[in-house]
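What follows draws every value from the coordinates through simple rules; no lab data is involved. Please read these numbers as outputs of a predicted model, since none were measured by experiment. Every residue, glycine as well, gets a Cβ built from its backbone with ideal geometry; the counts of neighbours run over all protein chains shown.
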């Protein structure tokens, strides 16, 4: 029973967090990062993401014009660095306002 | 290091050429970063097992590569799935009805013992069901990958919803009722499935359900839908000294291509009708055309087909006499089937003429 409860909680938690991942990625990329360092940085603040989720997401956000990227050599390896584009910054501001609004109204309910 | 490279090669094989190198390079960097972190933590180079465990954490090449693919990640997505399920349920229901009718026909015509017939019916129903599910899945797969989903998903009308009561409530009680109605609706010469249409349905929904019914009939007629127990040419039986099996086989042989053509044309026409939004004049024209073709087919049955000697009567008086005989005589005197067939053909002919007259009216009035 308690194991079922845990499984259910875990799946609901994942669902709850899924929508916030994009916001977390956009916010972290106000500072330039490459894939691995971004993943580590997100993990440190408690937003863990699998690489098979993060990398396709980065690609998608870039194709939507929200991110810019460039290949550069660092520590003897070629790395792809991502950074928020001007369009991405505007989008992040709007999404952040949305997030705060949602959070505030939820906070009142909870 | 070889492990990582073979892993990346497996991922690369699944990726589209245009983005392959880019994605693999980035993935390589990610894995290297993780390996370095692992090495730092262990204070030594990781073993092959540890590297493999790390790669397993990254994910199977098929899964990883799939995440980068642009198209949908499901065979049939959540939006389309209920439609697919409904189509499967309805098709299976229709097939079960057709099989059951065929089973009854076969057992009563003395072609097979009940046990044998039931076994064969189940066998053919199973393979038929697999075919239908396969075809519907293929259609769903293709639709799922269209940019724009078909109109009927978004632009439905409340008055069309009667159609969805058909497969929605499959339970024993309504089942028997539907079966009885389905059995009564299909004629002896063409025991095709009859999709019940309620009078309130919109023209488009009627066109779609008609297209589905005719498509099933067409598949069955051409043997593509292996509901083998009632392939018409396989029914055999001698009744009242008339070899109905032979007659049926000859009728089917002679009518094979005309009926195939008729059904195919009907499916195409119904789809056109649905696409045109159920245009009244187009529908009326079609009803006249198909009515004329069907009437011609019935005239052929009456005058020239191998069945003609059994059912033909020269005058109305003779017709009435035969019908009266059917009701007067006690069962078992013989000749009932011939008379019933005679009545069905005449009734169907009158029905077709009536349909054409009504269609002509709609053609003129435009509504």
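Things worth noting here:
- Criterion: exposed (fewer than 15 other Cβ atoms within 10 Å of the Cβ), over 30 Å from residue B:220 (Cβ atoms), more than 14 Å from chain A (Cβ to nearest Cβ) and free of Cβ contacts under 8 Å to residues at least 12 places away in the same chain - qualifying residue of B:53, B:70: B:53
- Scope the stretch A:43-91; condition part of a helix (DSSP H, G or I), more than 13 Å from chain B (Cβ to nearest Cβ), buried (at least 18 other Cβ atoms within 10 Å of the Cβ) and free of Cβ contacts under 8 Å to residues at least 40 places away in the same chain; matching residues: A:61
- Flag for residue B:80 being touching a residue at least 60 places away in the same chain (Cβ under 8 Å) and either within 24 Å of residue A:64 (Cα to Cα) or under 48 Å from the mean Cα position of the chain (by Cα) (or both): yes
- Apart from one condition, residue A:96 fits all of (1) in contact (Cβ under 8 Å) with a residue 24 or more places away in the chain; (2) touching a strand residue (DSSP E or B) at 6+ places or on another chain (Cβ under 7 Å); the exception is (2).
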